[in-house]
Amino acid sequence: MHEAKSQLSSLGKKAWEGERIVIARAGEPYLDLLPHKEKRKLRNPGRFKGKIHMSDDFMETSADIIDSFYGEE
């Protein structure tokens, strides 16, 4: 823990670069040093409702596409 105090800037930089930093106290893992990430915004389900349209034949697959998967010509 004492060493981490004196190395905090370099440890913080390493954490931001993706390195996993574990700070120990009395030889046992005590803290994980992680970079701060902004809290994710809550999802707003349905915001594209009425804006996306699928054709009536969306679930139908043409024979030539099916044949290309099975190697038939």
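Here is a yes/no grid of residues against (1) modelled with pLDDT under 90; (2) loosely packed, with under 10 Cβ neighbours inside 10 Å:
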{"residue": "Ile23", "(1), (2)": "no, no"}
{"residue": "Asn44", "(1), (2)": "yes, yes"}
{"residue": "Lys51", "(1), (2)": "no, yes"}
{"residue": "Ile66", "(1), (2)": "yes, no"}
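With Glu3, Glu17, Glu60, Glu28 as the choices, which residue is under 19 Å from the mean Cα position of the chain (by Cα) and not small (Gly, Ala, Ser)?
Only one candidate passes the filter, namely Glu17.
Of the conditions (1) of a type outside the set (S, T, N, Q); (2) surrounded by fewer than 10 Cβ atoms within 10 Å (Cβ to Cβ); (3) touching a Pro at 6+ places or on another chain (Cβ under 8 Å), Trp16 fails just one. Which one is it?
Of (1) of a type outside the set (S, T, N, Q); (2) surrounded by fewer than 10 Cβ atoms within 10 Å (Cβ to Cβ); (3) touching a Pro at 6+ places or on another chain (Cβ under 8 Å), only one is false for Trp16: (2).
The values are calculated or read from the model by the stated rules, or taken from the named source; none is laboratory data. Treat the numbers as computed from the prediction; the structure is a model and nothing was measured. Backbone-built Cβ (ideal geometry, glycine too); neighbour counts: all protein chains shown.
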